[in-house]
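Reading through the structure tokens given below for one structure.
Bear in mind these aren't lab numbers, they're just calculated from the coordinates by the rules spelled out. Because the structure is a prediction, the values reported are computed rather than measured. Cβ placement follows ideal geometry from the backbone for every residue including glycine, while neighbour counts extend to all protein chains displayed.
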Amino acid sequence: MSRWASAWLGWRFNQEKDGEVNAINITRGDIGRKVKMSDGNVLTITGWDEKDEIQPVHLGGSTFRATNGKPILPGLPHITELLVETLMLEAGKFYRTRDGRRAFVSHVLGVSPFPNKIRDDFPVTGYIDGTGYAPVWRLDGSFGNRSHDNDLVAEWVEPKRIKGWVNIFADKGVDYPTGYRVGCATHATKADAQRFAEGMVATVEIDVLEGQGLEGEAR
């Protein structure tokens with residue numbers, strides 16, 4: 001049985017056992033939420049890979065999990081809990097929308113000092129990068145009554161730049177979907193990468209932002 005087939009069967013087993021040990025169902029709407037891992041670490045769901053039918057949940061860097069919080073390979077930490085956090089928007093700060101865009105809160109309405117107080121359910125105004133209008137939010141960052149891409153889910157953190165060189169290998173007798181695999185290490189220079197290039201068919205330079213594909217598309 002190939003390594004990919006074994007990994008697939010292991011993932012299916014985890015899904016079937018999900019109701020017993022890990023009743024979690026992560027959706028795209030959970031982007032921005034913090035999660036507790038089985039090793040005690042707290043990570044943030046930073047993105048969603050629509051093209052990955054097995055592990056679409058992106059936890060930053062090269063860490064992905066299935067929608068039930070499990071890894072495809074045994075032994076890696078799994079998600080045990082979706083944490084609940086209350087966001088309180090502040091004027092002058094940048095935030096991240098649910099679908100990963102950068103937003104800026106320009107103004108938060110104060111409280112009227114007069115007896116006939118006006119209730120404003122959406123007292124926050126600002127801007128979203130690439131949007132041609134000024135949206136409004138509740139103080140907790142919600143854009144409406146249902147989960148929406150314009151929800152503000154966390155303060156903005158500049159993504160890290162991943163830059164270096166990787167080797168591409170064609171391993172005979174190994175069942176990879178494309179017939180090739182990318183080396184597990186990123187090297188600072190092309191020369192350094194090629195020092196570890198036995199069986200290599202190509203050395204490729206990468207220069208991308210964390211959470212984005214090689215073509216610069218948000219994941």
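General observations
- Cross-link pairs beyond the 29 Å C-alpha cut-off, checked among Lys51/Lys93; Lys51/Lys160; Lys93/Lys190; Lys36/Lys93: Lys51/Lys93; Lys93/Lys190
- Placing a pseudo-label 7 Å from each Cα along the Cα-to-Cβ vector at Arg181 and Phe104 gives an inter-label distance of 4.7 nm.
- Semi-axes of the equivalent ellipsoid of the stretch 77-152 are 25, 17, 11 Å, computed as sqrt(5λ) over the eigenvalues of the C-alpha gyration tensor in descending order.
- Ratio Rg/Rh, restricted to the stretch 43-83 and using Cα atoms, in which Rh is the Kirkwood radius: 0.92
- Potential extension, Thr27-Thr63 segment - 0.36 nm per residue separation minus Cα distance: 11.3 nm
- Normalised by the number of residues in the stretch 42-200, the mean separation of alpha-carbon contacts (under 8 Å, six or more apart) gives a relative contact order of 14 percent.
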